[in-house]
Amino acid sequence: MEKADLIVLGLGPAGASAAAEAARRGCRVIALDRKREAGVPVQCAEFVPALLEVDPGAIRQPIGAMQTFVEDDAPELKADFPGRMLDRAAFDASLVQAAQRAGAEVRFFCFVRRITPRGTVELSDGQSLWAPVIVGADGPRSRAGKAIGCVNTELVETRQITVGLVQPHLATDIFLSADIPGGYGWLFPKGKIANLGAGVSPQYKARLKSIVARLHASQKERLSAEILAVTGGAIPVGGMLKPWGLLENVLVLLAGDAAGLANPVTGAGIAAAVHSGRLAGRAAATQAPEEYEQELEDLYRAALERALRRRRELLSAKPGKAALRRAWIAYAEYWT
């Protein structure tokens, strides 16, 4: 059995950030991911707020505003909405490289078969790993979370296509409609292309393809007809989970989507993944889970609970335009 000070499951923004932080603090870190390379395939709309530190090579364009379309109304502009559109694969790769420079050992194309009740990580090729701390940064259906009984039970399913953009656009476009149940549609520009997608409650997953197709058709003057790529995935929308637990003497910390830190209304989770990953890496090095939990509570609990309330209000009945506005961050009603 191979041993380390920390095993990180997942090398997305949360896992790579945790691995780097713990390695900088002198831990021997082994970080695993089932993908063949960082960030590929992309399963993300790729927008981040301007305050998040990003490698310049991963930025595709700035964002300055948000346009919100409520049903068939004309768009309403929120002019001060600074952000950036990423090349998510390049962004993830830059975080993994930072972890490697810090001394973490990263291994791709590794499949976790199970985590035993004693905290042993068993891989599908027969190898076993053990460390006194595991960071679960392995997404909304986290194996680490399942092992300690902290599971995301509320999810949104998404579908996204990448298409050509006819002319430059510097805003994120949001589409709110009762016909997109439990979620919303988006158009996020990336230079000469755009990500166009939608998310819905899981029971409506079969409608996703037609919902995105309708959005595509409605924007035919702005978007090319050819679909360049298709992706999708699940987003946790049930709010923050307890972010740690024990498997005998092994401490398990959860970060990013595994900890339920994605916003239940917007689905945004990259910034929270990076920051919670850093905090998890520090907590892994010091073995201070209560402090980690308190930091996450202070940073995210209030915002996540507000978003969760708005989401549940919206799901309680077929919403009209006023309810759609109340449940979206661009409107004052959301914040009252």
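The values are calculated or read from the model by the stated rules, or taken from the named source; none is laboratory data. What you see is a predicted model, and the numbers here were worked out from it, not measured in a lab. Here the Cβ is made from the backbone with ideal geometry for all residues, glycine too, and neighbour counts use every protein chain on show. Note: accessible area is taken over every heavy atom of the protein model, side chains too, but ligands, DNA and RNA are not part of it. Shrake-Rupley method; radii C 1.70, N 1.55, O 1.52, S 1.80 Å.
A few comments on the model shown:
- Enumeration of residues in segment 168-210 that are among the small types (G, A, S) and either within 13 Å of V265 (Cα to Cα) or open to solvent by less than 10 Å² (accessible area, probe 1.4 Å) (or both): A171, G182, G183, G185, A194, G197, A198, G199, S201
- Exactly one residue out of P319, P264 is surrounded by 18 or more Cβ atoms within 10 Å (Cβ to Cβ), closer than 21 Å to E154 by Cα and at pLDDT below 95: that is P319.
- Close contacts from segment 29-41, counting a first residue that is touching a residue at least 60 places away in the same chain (Cβ under 8 Å) and a second that is open to solvent by less than 80 Å² (accessible area, probe 1.4 Å) and among the acidic types (D, E), with Cβ to Cβ under 8 Å and a gap of 6+ residues or different chains, come to V29/D5; V29/E105; I30/E2; I30/E105; A31/E105; A38/D92.
- Screening segment 271-299 for residues that are under 14 Å from the mean Cα position of the chain (by Cα) and open to solvent by 20 Å² or more (accessible area, probe 1.4 Å) and picking the one that is farthest from G26 (Cα to Cα) gives A271.
- Y292 meets the conditions (1) in contact (Cβ under 8 Å) with a residue 60 or more places away in the chain; (2) under 19 Å from A20 (Cβ atoms); (3) among the hydroxyl-bearing types (S, T, Y) in every case but one. The failed one is (1).
- From the options D80, D138, residue that is touching a Leu at 6+ places or on another chain (Cβ under 6 Å), within 30 Å of L187 (Cα to Cα) and not in a helix (DSSP H, G or I): D138
- Test: residue in segment 35-43 that is modelled with pLDDT of 95 or more and either in contact with a Cys (Cβ under 9 Å, 6 or more places away or on another chain) or crowded, with 20+ Cβ neighbours inside 10 Å (or both): no
- Meets criteria (within 21 Å of L170 (Cβ to Cβ) and either open to solvent by 70 Å² or more (accessible area, probe 1.4 Å) or of a type in the set (S, T, Y) (or both)) for L52: no
- Residues satisfying the criterion are present in segment 65-75 (criterion: among the small types (G, A, S) and at pLDDT 95 or above).
- The residue list Q287, Q294 contains one member that is modelled with pLDDT of 95 or more and among the polar types (S, T, N, Q), which is Q294.
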